[in-house]
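Shown next, in structure tokens, is the structure this report addresses.
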Amino acid sequence: MDRIVIKVGSAVLTEKNEIAKDRMMNLVYLISKLRSKYEVVLVSSGAVAAGYSALQLDKTKQIGKKAIAAAGQPILMSSYKMMFDILHIDTAQILLTEDDFDSRKRTKMFQEIINAHIPNNILPIVNENDISSTPEQLFGDNDQLSANVAQAVDADLLVILSDINGYYDKDPSKHKDAKLYKVLDELPEGVLDECATPNDPFATGGIVTKLKAADFMMRHGRKMFLSNGFDLEACEAFLMKGEHTLGTLFLPKGEGKKEKKKDKKKKG
Ligand code: GLU
């Protein structure tokens, strides 16, 4: 069975600092379907956004953000637990920092934990440990974290669910003629140097951190699929039926041509 890591962002999971219950439930349904075909690891943001409903401190300050995340992580996990319970799926919380990837011993530890969960039908839900870590120990955004998790758990594919349909040649909210890249095996020059500009005030990422995650995956010979988390149809069609409508598939260098040939053959 192929292994996939799914990363979902705060913009998808929360609305006005509350858990967006319908969207979370849709994700939970999708994951339950995916588990018939894949081994799934979920990387979920949303602690800071959800925590803000309980604690309105200044999230631009280190302690404020940590205090909010500490209040929000149980809100996030209890919402997941309630929804996965409906489908009889048990979950586990795994909080990681960059340090867990820097030390082989520590990496091995969480790899083994996840490898113990999966065959026992537990869904690991990973987030960054925003609470006790120093700024030097943090990735700062879950896009980078999820790419590192995908590499560490030897996942075939990382799926990032965000507030956009994929990666466009220009900002689709400003340009009507923006074109969606469907398959890329090389990133356009200079895109990784741009500043991160998330659309949602509680998201840390924006397109640049997604492209950095894609770059990491491509350099490590792995794939990434960037898809819309508000409407999961394209993601489900891609993962369950191999139908690629919307969403951008990032492939290791040189694999784009092979993919296009496959696509042509399919279309006849
Ligand atoms: N760990 C943060 C949270 O749960 C999310 C970081 C990010 O937005 O990527 O709120």
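Looking at region 72-91 only, could you name the residues that are within 17 Å of the chain's Cα centre (by Cα) and not polar (S, T, N, Q)?
Correct list: 76, 77, 80.
Here is a check on your reading of the model: is residue 204 surrounded by 19 or more Cβ atoms within 10 Å (Cβ to Cβ), modelled with pLDDT under 90 and under 14 Å from residue 143 (Cβ atoms)?
Numbers: surrounded by 19 or more Cβ atoms within 10 Å (Cβ to Cβ): yes; modelled with pLDDT under 90: yes; under 14 Å from residue 143 (Cβ atoms): yes.
It is true that residue 204 is surrounded by 19 or more Cβ atoms within 10 Å (Cβ to Cβ), modelled with pLDDT under 90 and under 14 Å from residue 143 (Cβ atoms).
Restricting attention to region 15-30, which residues are touching a helix residue (DSSP H, G or I) at 6+ places or on another chain (Cβ under 7 Å) and modelled with pLDDT of 95 or more?
19, 20, 23, 24, 25, 28, 30 - these are the residues of region 15-30 that are touching a helix residue (DSSP H, G or I) at 6+ places or on another chain (Cβ under 7 Å) and modelled with pLDDT of 95 or more.
Give just the number: which of (1) within 15 Å of the chain's Cα centre (by Cα); (2) closer than 25 Å to residue 60 by Cβ does residue 138 not satisfy?
All conditions are met except number (1).
State the number of residues belonging to region 18-44 that are within 16 Å of the ligand (Cβ to nearest atom) and of a type outside the set (Val, Ile, Thr).
7
Please determine whether any residue of region 159-169 is more than 27 Å from residue 106 (Cβ to Cβ), in a loop (DSSP other than H, G, I, E, B) and without any contact (Cβ under 8 Å) to a residue 40 or more places away in the chain.
So far as region 159-169 goes, yes, one or more of its residues are more than 27 Å from residue 106 (Cβ to Cβ), in a loop (DSSP other than H, G, I, E, B) and without any contact (Cβ under 8 Å) to a residue 40 or more places away in the chain.
Looking at residue 109, is it closer than 23 Å to residue 148 by Cβ, under 18 Å from the mean Cα position of the chain (by Cα) and not β-branched (Val, Ile, Thr)?
No.
Could you say which residue among 121, 115, 127 is modelled with pLDDT of 95 or more and within 15 Å of the ligand (Cβ to nearest atom)?
Being modelled with pLDDT of 95 or more and within 15 Å of the ligand (Cβ to nearest atom) holds for just one of 121, 115, 127, which is 127.
Name every residue in region 83-116 that is small (Gly, Ala, Ser), touching a strand residue (DSSP E or B) at 6+ places or on another chain (Cβ under 9 Å) and either surrounded by fewer than 12 Cβ atoms within 10 Å (Cβ to Cβ) or without any contact (Cβ under 8 Å) to a residue 24 or more places away in the chain (or both), in order of residue number.
116, the sole residue that qualifies.
Can you find even one residue in region 61-79 that is under 27 Å from residue 217 (Cβ atoms), within 13 Å of the ligand (Cβ to nearest atom) and in contact with a Gly (Cβ under 7 Å, 6 or more places away or on another chain)? Write out each step before concluding.
Of the residues in region 61-79, the ones under 27 Å from residue 217 (Cβ atoms) are 69, 73, 76-77.
Remaining after also requiring within 13 Å of the ligand (Cβ to nearest atom): 69, 73, 76-77.
After this cut, where a residue has to be in contact with a Gly (Cβ under 7 Å, 6 or more places away or on another chain) as well, the list is 69, 76.
Yes, region 61-79 has at least one match.
Quick one: would you say residue 245 is touching a helix residue (DSSP H, G or I) at 6+ places or on another chain (Cβ under 8 Å), among the polar types (S, T, N, Q) and open to solvent by 40 Å² or more (accessible area, probe 1.4 Å)?
yes
State all residues of region 131-150 that are in a helix (DSSP H, G or I) and closer than 22 Å to residue 229 by Cα; if no residue qualifies, say none.
Within region 131-150, 142, 143, 144, 145, 146, 147, 148, 149, 150 meet the criteria.
The values are calculated or read from the model by the stated rules, or taken from the named source; none is laboratory data. Here the structure is a predicted model, which means the values were calculated and not measured. Every residue, glycine as well, gets a Cβ built from its backbone with ideal geometry; the counts of neighbours run over all protein chains shown. Protein only, heavy atoms only, side chains kept; ligands, DNA and RNA dropped before computing areas. Shrake-Rupley method; radii C 1.70, N 1.55, O 1.52, S 1.80 Å.
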